[in-house]
Amino acid sequence: MELANIEKLLEKYLNAETTIAEEKELKNYFLNGNVAPHLEEYQALFGYFSTSKNERYTKTIQLKSQKQRWKWLSVAASIVLLVSVYSGYENIQQRKAERVYTETIGALELLSTNLNKGNVAIAQLQRFEDTTNKIFKQPKK
Amino acid sequence: MQLLQKRNLLVIIVTAAKKCCEIKLKMKQSEFLKTVMPFKDKVFRVAKRLLVSTEEAEDATQELLFKLWRNKEKLKEYKSIEAFAMTMTKNYCFDRLKSKQASNLKLVHSNYKENNTSLDRQVELNDSVSKVHKLIENLPEQQKLIIQLRDIEEYEFDEIAKMLNLKPTAIRVSLSRARKTIREQLLKQHKYGIS
């Protein structure tokens, strides 16, 4: 590239009238080494620009904040609480039902045994009646 | 028996819902990272140019990417996410600088030492390249930013105008001013170096 052209581009560059392509041309010229002595001060400038462009963000990107993690945790905890309360409630209900069932059975058993006792008494009563019938009502026949 | 079945069913439903959410989230994450990857370094460099310290710039980048991630639904409305990210970076850094000045904790480059500079880097910093770094450091914030966006990140004037919400002509004017200042200073130093 001729020197005159570079000088013209530099003039334009200082007035901020160069396009990106022209600026790339300038960068190439100054990075390639053979720089005219009276333009040496630009070498550092363009050198700096190109080395700066190589800097990278090396840390890993974190998309979860601590706050959000807590939020999720609380949601999970409330779900667990809800489920456990629900199942616990079911459990209690079941036990209550079982207790009521056994109690009723017990009561019914009590009733039936007592009724049976009554039956025996009634059977004896029957025998008594039979015998009285034998004794008092036979003569009528 | 019935109770056990109910519980099992609940557990299955909950785990399925969780897995579904996780997969969706992962998909979104990778998609987001793909859109962000190309310009995360640019965000970092711009932040570093304005905030000077590497650590601050890293924090700023992290914060910004997280902000973008949180507003990912809105991102689709913007034509260029990159330009939007740059505008956000600029605003964020200016805010940081302001709050620092307000709390009297002004960051001066001379009292800040980078703790992870290797020997190469130090040698290089002693070089003429570091002179340029210092010269840019001394420019006003706006000119610093424009130099960064144009000469290092190589954005078009229209793009820079959109990012900074300025007219392209205004950007040309301050860019020209910045370039001329740097050039004059370099010329001065160069002459001292020779004589």
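The values are calculated or read from the model by the stated rules, or taken from the named source; none is laboratory data. This one's a predicted model, so the numbers in the text were calculated from it and none came from an experiment. Positions of Cβ are backbone-derived with ideal geometry, glycine not excepted, and every protein chain shown enters the neighbour counts. Note: accessible area is taken over every heavy atom of the protein model, side chains too, but ligands, DNA and RNA are not part of it. Shrake-Rupley method; radii C 1.70, N 1.55, O 1.52, S 1.80 Å.
Could you work out the relative contact order of the stretch B:119-191? I mean the mean sequence separation of Cα pairs under 8 Å and 6+ apart, divided by the number of residues, in percent.
30 percent
Please give me, ordered by residue number, the chymotrypsin sites (Phe, Trp or Tyr not before Pro) of the stretch A:5-46 that lie in loop per DSSP and have at most 16 other Cβ atoms within 10 Å.
Nothing satisfies the criteria.
Quote the total accessible area buried by chains A and B together, excluding ligands, DNA and RNA, probe 1.4 Å, nearest 100 Å².
In total, this chain pair buries about 4100 Å².
Mind checking the per residue accessible area of the stretch B:119-191 for me, 1.4 Å probe, whole number of Å²?
54 Å²
Return the distance in nm (one decimal) between the two label points of a simple spin-label model at A:T131 and A:A36, each offset 7 Å from Cα along Cα→Cβ.
15.3 nm
Find, among the GluC sites (Glu not before Pro) in the stretch A:1-32, those assigned to loop by DSSP (not H, G, I, E, B) with at most 14 other beta-carbon atoms within 10 angstrom.
A:E2, A:E17
What average number of partner chain Cβ atoms lie no more than 10 Å from the Cβ of the residues making up B:34-42?
Mean inter-chain Cβ contacts per residue within 10 Å come to 2.
With a 1.4 Å probe and every protein chain left in place, work out the accessible area per residue of chain A in Å², rounded to a whole number.
Here the per-residue accessible area is 77 Å².
Under a point spin-label approximation (7 Å from Cα along Cα-to-Cβ), what is the A:E11-A:Y86 distance to one decimal in nm?
Distance between label points: 8.2 nm.
What number, rounded to the nearest 500 deg cm²/dmol, is the helix-based mean residue ellipticity at 222 nm of the protein assembly as shown, given -39500 (n - 2.57) per DSSP H run of at least four residues and division by all its residues?
Calculated from helices alone, the mean residue ellipticity at 222 nm is -26500 deg cm²/dmol.
How well do other chains shield peptide B:170-180, expressed as the mean number of their Cβ atoms within 10 Å of each residue Cβ?
Taking all residues of B:170-180 together, the mean is 3.
How about the stretch A:58-136: which GluC sites (Glu not before Pro) there lie in a loop by DSSP and see at most 14 other Cβ atoms within 10 Å?
Counting only loop positions with at most 14 other Cβ atoms within 10 Å, none of the GluC sites (Glu not before Pro) in the stretch A:58-136 qualifies.
Counting only protein heavy atoms and using a 1.4 Å probe, what share of the accessible area of the protein assembly as shown belongs to carbon plus sulfur, as a whole percent?
Here it works out to 58 percent.
What residue among A:G106, A:F49, A:N32 has its Cα farthest toward the positive end of the dipole of the stretch A:7-141, where the charges are +1 on Lys, Arg and -1 on Asp, Glu, each on the Cβ?
A:G106
What are the DSSP H helices in chain A that stretch 27 Å or more along their long axis, judged by alpha-carbon atoms, and whose average Kyte-Doolittle hydropathy comes to at least -0.5?
Result, helices passing both filters: A:66-132.
Averaged over its residues, how many other protein chain Cβ atoms are within 10 Å of peptide B:61-70's Cβ atoms?
3
Run the simple label-point estimate for B:N91 and A:A21 please: 7 Å along Cα→C-beta, distance reported in nm.
3.6 nm
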